[in-house]
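In what follows, a structure is listed as structure tokens, so that the remarks can point back to it.
The values are calculated or read from the model by the stated rules, or taken from the named source; none is laboratory data. Just so it is clear, the structure is predicted and the values come from calculations on it, not from any experiment. Positions of Cβ are backbone-derived with ideal geometry, glycine not excepted, and every protein chain shown enters the neighbour counts. Ligands, DNA and RNA are stripped out before the accessible areas are found, and what is left, the full protein with its side chains, is counted by its heavy atoms. Shrake-Rupley method; radii C 1.70, N 1.55, O 1.52, S 1.80 Å.
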Protein chains: 4
Amino acid sequence: MKSAAQDDIFDICEALLSGKGEATGLAQARVIFDRYARLTPEKKHHFFSTLRDQFGVDRAKFEAAYARDAKSLRKLHAASEPLSQELIRRLNRAPGGTLRLVSMRQDLLSCMEKDPELKPLDDDFRHLFSSWFNRGFLELRSIDWNTPASILEKIIRYEAVHEIRGWSDLRRRVAAPDRRLYAFFHPALLDDPLIFVEVALTSSIPGNIDDILASERYMLTPDQASTAVFYSISNCQDGLRGISFGNFLIKQVVEELQRDFGKLTTFVTLSPVPGLRSWALAQQEAKALPERLDKVVQQAEAGANPAELSELTARYMLVSRSPRGGATDPVARFHLGNGARLEQIHPSADTSERGQKASWGVMVNYLYDLATIEHNHEAYSTADEIIASPVVRRLAKTR
Amino acid sequence: MKSAAQDDIFDICEALLSGKGEATGLAQARVIFDRYARLTPEKKHHFFSTLRDQFGVDRAKFEAAYARDAKSLRKLHAASEPLSQELIRRLNRAPGGTLRLVSMRQDLLSCMEKDPELKPLDDDFRHLFSSWFNRGFLELRSIDWNTPASILEKIIRYEAVHEIRGWSDLRRRVAAPDRRLYAFFHPALLDDPLIFVEVALTSSIPGNIDDILASERYMLTPDQASTAVFYSISNCQDGLRGISFGNFLIKQVVEELQRDFGKLTTFVTLSPVPGLRSWALAQQEAKALPERLDKVVQQAEAGANPAELSELTARYMLVSRSPRGGATDPVARFHLGNGARLEQIHPSADTSERGQKASWGVMVNYLYDLATIEHNHEAYSTADEIIASPVVRRLAKTR
Amino acid sequence: MKSAAQDDIFDICEALLSGKGEATGLAQARVIFDRYARLTPEKKHHFFSTLRDQFGVDRAKFEAAYARDAKSLRKLHAASEPLSQELIRRLNRAPGGTLRLVSMRQDLLSCMEKDPELKPLDDDFRHLFSSWFNRGFLELRSIDWNTPASILEKIIRYEAVHEIRGWSDLRRRVAAPDRRLYAFFHPALLDDPLIFVEVALTSSIPGNIDDILASERYMLTPDQASTAVFYSISNCQDGLRGISFGNFLIKQVVEELQRDFGKLTTFVTLSPVPGLRSWALAQQEAKALPERLDKVVQQAEAGANPAELSELTARYMLVSRSPRGGATDPVARFHLGNGARLEQIHPSADTSERGQKASWGVMVNYLYDLATIEHNHEAYSTADEIIASPVVRRLAKTR
Amino acid sequence: MKSAAQDDIFDICEALLSGKGEATGLAQARVIFDRYARLTPEKKHHFFSTLRDQFGVDRAKFEAAYARDAKSLRKLHAASEPLSQELIRRLNRAPGGTLRLVSMRQDLLSCMEKDPELKPLDDDFRHLFSSWFNRGFLELRSIDWNTPASILEKIIRYEAVHEIRGWSDLRRRVAAPDRRLYAFFHPALLDDPLIFVEVALTSSIPGNIDDILASERYMLTPDQASTAVFYSISNCQDGLRGISFGNFLIKQVVEELQRDFGKLTTFVTLSPVPGLRSWALAQQEAKALPERLDKVVQQAEAGANPAELSELTARYMLVSRSPRGGATDPVARFHLGNGARLEQIHPSADTSERGQKASWGVMVNYLYDLATIEHNHEAYSTADEIIASPVVRRLAKTR
């Protein structure tokens, strides 16, 4: 049985949709957001289920459309729009509505972990967010030491790959002459970034994250640099999960860097290999590894850091495939899908606990070469072909 | 037969949609916009027809969805999305894409005048524009004498009701102590306004537009004013026709003015009555007018300005109805639909040629009273009840 | 006899100086400004005379300093500072004080026209203004079509050489691709410019102002231009007369243009010759002209426009000297003093009434060549040598 | 004997002054700054002595003025201006000149510690800086969490009273709802603050700095506060020592706070008493203290914190006088000179080492009451009367 408060919230949702009382639509949207915010997790789950079940397609309208003009599938489309989509659009009209909807979807995603049947409702959010957070509406900003502290604080909080340990660490990443940080913003979220990428300007392709993050290090002036290294990419808004900006971000940053620093010739990542160790252990268990590599895994697990990890990694990257056909590694899927190529493998590149747990410290570079990016992308996305440098390809063939 | 250039444009549209070549999606969108811009009007029309016919719902996908899960109408909705919608979304990713799409729709609307069958395609534009130009994404700005000239120039150009005759006239409307101008902007259109409203601060409800526009007049300080008069509302973007912002604009401006000028008690329009004369002449022709009013029409046509025009106007506003049930007058439909009430009628309010042609110079006031706006709106939108002040109601009853 | 109100103003001046009541110093400054503003022109004159006479050097303090330490002339300097200087500094502390002082000096300059004995007081203003409007405190801004209308309006008003006839004319001067306008601003005067220069980008040295100001003309893109023409320089603040910014302005604009448009090779003015006609008529009267040139003057006065005006002008520019030794022409003194060289002479360059009256329409170009500017300046300022191109020098030698 | 490099620098100074080569004046100023920056401390000292000795008053010009017009002391003033003043003005024209001059004076002040004879030169700097940093040219800015990190970093560095221990501490002082920070900026120093004051909004007059600085504390909303406490005032630019902005800052901040938070009724400092302990120890040594207070000093030195410290402090503040007549305590001189009144004395208010060393932890409040500020100021500045609350006056009378 629904509680009175919850009855209320659906009544208001219906009122908001009915357009009766359009004049107070903003007020209604605000009330819905406020009531929603006070719901317990269980009630939130119930809220979402009810939206899915009772705010779906209006069957009468649908049947009418279907009967009246069976030929026009376009009409069918309009007639079959779930009411929840219109509801979300109307909620968005309230001041601060977009941010509240993003946070609402964050709750929905938690609910979905236990109840995957909520997916149809999430499809509505996702459909609208994809439209609203269309690349044409995003603004790229360079973040530096003149950026307001309130935004910098969020960068510290949102960094998800290589933790920023306080303001001095942040200062090294945004204010050093050979460091850059770029973020996408959306006008409706004001000063809350969507995603950002950290860039190191270097004189060669790096094989080690510790050197890049070191507090004491030799600094280049931008015009001494030949290489831009994307060493950390972080999504900031959980509620926008699955709405992809990363590919646009990297490509636009490459353009921006090329324009500002004419001497840059190489654009490359320094990336983790999050799935390596668990894949290798599973292979080991299944006795699927050649003896030599089996031994490498044993050594790695024992804390040694054998050079042959490169071969194991190459094999993981090039030979192993996900059930849907692409690369097994999620980070690889992202960069290969963008048209990058797997360039180098570095066995002792990340001494952090996290890096050890994921891949015994192995990191890799993906190369963004604008001349071949398109061809690579197509080869990967249509034929599951994994593009790698000759060095890496040779490593994968070692027995 | 399609020309080579046109084949091209559809091929690129398909490539953009296919996602093969996602990496160059922005480039493709740019090419499509550029080629489109060079098409003749006929070719543009053909472009739109082809989008409608060949970029509609993917029937195979639809049938599959329908067969596989007849119960899930939500899936049907997704499956029946016209390809043209996704195409528009992808075009929007290009730099300046939103503005180019708005201008593309302007062309589409011209084509539709001759070929109403293009409406299904326009529905796609309209659907996406409604979502993108959601009130939550709009920004209200006050326009004054510190606004860049490039924006002020657009205000001069876009004013559609009472022409702005040069910069001195503009200055009187934005820089006088008792005048204000507010506009909605969308982040993706930068400094191009969507709609704006001009406001006069006065000491009473005005019955004459000439006094408000006069170049020499007594000026109030804002704290002497009791009344805010919305004397001109102009939509700026033809390509956004039918995407409604006006109601939001007026309500937000009322809030803004209340906050800034505590002494304001009355919010009212001074509006044209564009349909009065043509309605009256048609009534006359149909011998549907009482003799007394028939005579009024004759006098008015002869250039006299009888006081009884008020009665005729009251009758037009309150008695006459559009086929769909609401008010006949388009401006009345807008304000009544917003919950305003018809407050006063002024027979000799607008001496301009345009005003004479439309309504022999008659203008009216609609009152925005936040306390009753909601109730009025509902009465009008659910029961076609036209809310008017007692004075106006009495006038309508005169025989 | 002094009126009560005037006694007051001096009492407050004394109170402001005494520092007794420092806490209300700002209030006192405000009162002085306000009372001052209400004075009649005569009272203003009296105000200034009193400042000069009663707010001069404190004789007791001076004698003490002089007696105690005859050697230290530095101390003498401090001891001999007129009280009026400290008064002006204290007035400047009030909000908006700087602007009010500038306008006060404008009044003082009018008074001085009738009463040159006020000069010592003006020296105080001039001394402090020179210090405050030091080049290091000025900000160069480019004025274009995105500049607020309130500033553009001032540009229209302040243009003193070639009148700007309304907003369309202004638009042609700031928004055309081959036109630029730069102004110096001072932080304490906010959005009120001090001086500005208008620049035309052209493909050759122009000989005619009408072509530059024409409403219909062929426009260059900036990269087609080889020449930047400074065709109008206007001082905006009468109250800053004699505080020189013009030389700094031109040199900084040359640097700015060189940086932004690499293809520019020539920087040149198109300048009036305001003293030509009156000089020539005086020469004629004094029978000091060779017969041939005497005839040229007669023809010019009769409305003809003989080509020999070039020779007359060359003679005026190169041969005639001011009593103090420099060039006779005030505009020539400015540009030659900056290190420019007289480059070309154009007989029919300015058809405006003003141009006819001043010089029968003759205009000239001064060339700013950064490589020789320093040498030219020194030659002119130390040896009164007037630097001119070979062509002009030859013209001057014609008999 | 002067080194070649130094000869050079004076030659360039003379060239800059001579105006010969005015066109390259900026370049010369830059060279002087650059050479100056490379000088050793000894050479800098020599640089300053030479400026004092050889760039003083031009004796010939002075004698001429004196002889020619003995009556006009104004002329004498102009004639006796040290060349060094004009030199400083010309140096200021270079880009960034003001900041470099401020830093040059910082060096001069160090030199003066060893060589007080440089004071006449410092008088020149001081005279010009007083004029340039006139209150009318200063801009008050509120510093908060939206301020760029580059400015916030300077606030951390410049805080001179209660050290800011890192970014979390800073955040508590600028981003808490009941904390504010205001700073004066000068346009020519861009984002480098001159002086700032930290403000706590509280519900009563505080008697303890630790409570205000505590990392965990109860926070008020601004509308709950009745009292604004100025708990720290820091000068930022050593090179501007002696150029007073503090009094203007406090008064303008009081006005700002009154406007923004209507409920504030009390404006008060929480201030250190830096001279208390050294004065008391000197008094003790001189046997000038009554026995009871002598014992208090002994106890305080022994680490106890007797309540009678209040009496000792009251005596120090009210009875002891500086040789020149004002209060002995430098902080007292500042606030009493501004017209504040000594309001309360708190014996155990500051547990920091610095506070213990200066005053055994005693702190006091000065009250800024706009209604009496003027009267207090005058009483103090003309009659050396130290204005204190009745409570404090009573304490001072205790034997």
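Report the residue count in the range B:74-85 for those that are open to solvent by 20 Å² or more (accessible area, probe 1.4 Å) and facing chain A (nearest Cβ under 8 Å). Full working, then the answer.
Here is the first cut: in the range B:74-85, the ones open to solvent by 20 Å² or more (accessible area, probe 1.4 Å) are B:74-75, B:78, B:81, B:83.
Remaining after also requiring facing chain A (nearest Cβ under 8 Å): B:74-75, B:78, B:81.
The number of residues fulfilling the criteria is 4.
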Q) For the range D:62-73, does any single residue satisfy the condition of being more than 14 Å from every other protein chain (Cβ to nearest Cβ) and at pLDDT below 80? A) yes
Q. Restricting attention to the range A:325-334, which residues are outside any strand (DSSP E or B) and buried (at least 21 other Cβ atoms within 10 Å of the Cβ)?
A. A:ASP329, A:ALA332
Q: Would you mention how many residues in the range C:102-128 are out of contact with any helix residue (DSSP H, G or I) (no Cβ under 6 Å at 6 or more places or on another chain) and hydrophobic (A, V, I, L, M, F, W, C)?
A: 2
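The rows are residues; the columns are (1) of a type outside the set (A, V, I, L, M); (2) away from every other protein chain (no Cβ under 14 Å).
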position: C:GLU198; (1), (2): yes, yes
position: C:THR202; (1), (2): yes, yes
position: C:GLY207; (1), (2): yes, yes
position: C:ALA225; (1), (2): no, yes
position: C:ALA228; (1), (2): no, yes
position: C:SER232; (1), (2): yes, yes
position: C:PHE245; (1), (2): yes, no
position: C:GLN252; (1), (2): yes, no
position: C:GLU255; (1), (2): yes, no
Q: Please enumerate the residues belonging to the range D:153-186 that are surrounded by 16 or more Cβ atoms within 10 Å (Cβ to Cβ) and either of a type in the set (Lys, Arg) or within 14 Å of chain C (Cβ to nearest Cβ) (or both).
A: D:LYS154, D:ARG171, D:ARG172, D:ARG173, D:ARG179, D:ARG180, D:PHE184, D:PHE185, D:HIS186
Q: Quick one: in the range A:353-377, of everything that is open to solvent by 70 Å² or more (accessible area, probe 1.4 Å), within 14 Å of chain B (Cβ to nearest Cβ) and touching a residue at least 12 places away in the same chain (Cβ under 8 Å), which residue is nearest to the chain's Cα centre (by Cα)?
A: A:LEU370
Q: Considering only residues that are under 18 Å from the mean Cα position of the chain (by Cα) and among the aliphatic types (A, V, I, L, M), look in the range A:135-152 and name the one that is nearest to the other protein chains (Cβ to nearest Cβ).
A: A:LEU138
(Q) Just checking, does the range D:238-251 include any residue being among the basic types (Lys, Arg) and either free of Cβ contacts under 8 Å to residues at least 40 places away in the same chain or under 20 Å from D:PRO347 (Cβ atoms) (or both)? (A) no
Q | Residue tally, condition open to solvent by 30 Å² or more (accessible area, probe 1.4 Å) and either under 24 Å from D:LEU170 (Cα atoms) or not in a helix (DSSP H, G or I) (or both), over the range D:127-139 | A | 1
Q | Within the range B:378-399, considering residues that are touching a helix residue (DSSP H, G or I) at 6+ places or on another chain (Cβ under 7 Å) and open to solvent by less than 10 Å² (accessible area, probe 1.4 Å), the one nearest to B:PRO323 (Cα to Cα) | A | B:ALA388
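Restricting the search to the range C:105-126, which residues are assigned to a helix (DSSP H, G or I), of a type in the set (D, E, K, R) and open to solvent by 10 Å² or more (accessible area, probe 1.4 Å)? So that I can check it myself, show each step before the final result.
First, pick out the residues of the range C:105-126 that are assigned to a helix (DSSP H, G or I): C:105-114, C:116-126.
Keeping just the survivors that are of a type in the set (D, E, K, R) gives C:105, C:107, C:113-114, C:117, C:119, C:122-124, C:126.
If the condition is that a residue be assigned to a helix (DSSP H, G or I), of a type in the set (D, E, K, R) and open to solvent by 10 Å² or more (accessible area, probe 1.4 Å), then C:ASP107, C:GLU113, C:LYS114, C:GLU117, C:LYS119, C:ASP123, C:ARG126 are the ones that fit.
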Q.
Among the residues of the range D:335-344, are any open to solvent by 60 Å² or more (accessible area, probe 1.4 Å), at negative phi and within 14 Å of chain C (Cβ to nearest Cβ)?
A. yes
Q. From the list A:SER215, A:SER226, A:SER203, which residue is at pLDDT below 90 and open to solvent by 10 Å² or more (accessible area, probe 1.4 Å)?
A. A:SER215
Q. Is there a residue in the range C:29-44 that is in a helix (DSSP H, G or I), modelled with pLDDT under 80, closer than 30 Å to D:SER80 by Cβ and not β-branched (Val, Ile, Thr)?
A. yes
Q. Restricting the range C:348-399 to residues that are of a type in the set (D, E, K, R) and either in contact with a Pro (Cβ under 6 Å, 6 or more places away or on another chain) or in a loop (DSSP other than H, G, I, E, B) (or both), which is nearest to C:ALA314 (Cα to Cα)?
A. C:ARG399
**Q.** Matching residues, the range B:86-104, being over 19 Å from B:PRO187 (Cβ atoms) and surrounded by 19 or more Cβ atoms within 10 Å (Cβ to Cβ)
**A.** B:LEU87, B:ARG90, B:MET104
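Of the residues C:ASP115, C:ASP107, only one is touching a Gly at 6+ places or on another chain (Cβ under 9 Å), farther than 30 Å from C:GLU343 by Cβ and more than 11 Å from chain D (Cβ to nearest Cβ); which? Break it down into steps so the answer makes sense when it comes.
Details: C:ASP115 fails: touching a Gly at 6+ places or on another chain (Cβ under 9 Å).
Result: C:ASP107 is the single residue among C:ASP115, C:ASP107 that is touching a Gly at 6+ places or on another chain (Cβ under 9 Å), farther than 30 Å from C:GLU343 by Cβ and more than 11 Å from chain D (Cβ to nearest Cβ).
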Q. Restricting attention to the range A:246-263, which residues are assigned to a helix (DSSP H, G or I) and hydrophobic (A, V, I, L, M, F, W, C)?
A. A:PHE248, A:LEU249, A:ILE250, A:VAL253, A:VAL254, A:LEU257
Q. From D:ILE205, D:ILE164, D:ILE195, which residue is within 25 Å of D:PRO274 (Cα to Cα) and over 22 Å from the mean Cα position of the chain (by Cα)?
A. D:ILE205
Q: Taking the residues in the range C:241-264 that are within 20 Å of C:ALA332 (Cα to Cα) and among the charged types (D, E, K, R) as candidates, determine which candidate is surrounded by the fewest Cβ atoms within 10 Å (Cβ to Cβ).
A: C:ARG241
Q.
Any residue that is loosely packed, with under 13 Cβ neighbours inside 10 Å and outside the structural domain of A:ASP369 (by TED's automatic domain parsing) - is there at least one of those in the range A:286-301?
A. no
